[in-house]
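Below is one structure; the comments refer to it alone.
The values are calculated or read from the model by the stated rules, or taken from the named source; none is laboratory data. Everything numeric in this text was worked out from a predicted model, so none of it was measured. Here Cβ is always computed from backbone atoms with ideal geometry, including for glycine, and neighbour counts include all displayed protein chains. For accessibility, only protein heavy atoms count, side chains too; no ligands or nucleic acids. Shrake-Rupley method; radii C 1.70, N 1.55, O 1.52, S 1.80 Å.
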Amino acid sequence: MSEQTSLIEYPCDFPIKIMGKSEHKIAEIAIQIVRQHAPDFDEKSMTVRASKNGTYLSITCTIKATSRMQLDALYQALSDHPMVAVAL
């Protein structure tokens, strides 16, 4: 799918969900990876929620997405990290 046929109009605010085990420094890792692909990301806008038993953290980072390529690279970097269980 090309930029012209994308259902997303860039630039736009785009939420990224990241999940991982809570004993790891998953929030710091998420910030580092997100900033590599969206340098203007403001970590104050990040939300973090623990699972019912506190085993996992769900992190939402809303970035200013500029292209499909940017999002693809960000998702790939998150998925490649061993401490990230899921990136949606």
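Within segment 4-16, which residues are touching a Cys at 6+ places or on another chain (Cβ under 8 Å) and touching a residue at least 60 places away in the same chain (Cβ under 8 Å)? Hit for segment 4-16 is Ile16, nothing else.
Residues in segment 65-76 that are open to solvent by 30 Å² or more (accessible area, probe 1.4 Å) and either part of a helix (DSSP H, G or I) or free of Cβ contacts under 8 Å to residues at least 40 places away in the same chain (or both): Arg68, Met69, Asp72, Ala73, Tyr75, Gln76.
Answer yes if at least one residue in segment 3-19 is open to solvent by 30 Å² or more (accessible area, probe 1.4 Å), modelled with pLDDT of 95 or more and polar (S, T, N, Q), and no otherwise. Taking every residue of segment 3-19 in turn, none turns out to be open to solvent by 30 Å² or more (accessible area, probe 1.4 Å), modelled with pLDDT of 95 or more and polar (S, T, N, Q).
Of all residues in segment 26-50, exactly one satisfies the criterion of being surrounded by fewer than 12 Cβ atoms within 10 Å (Cβ to Cβ), part of a loop (DSSP other than H, G, I, E, B) and in contact (Cβ under 8 Å) with a residue 12 or more places away in the chain, namely Asp40.
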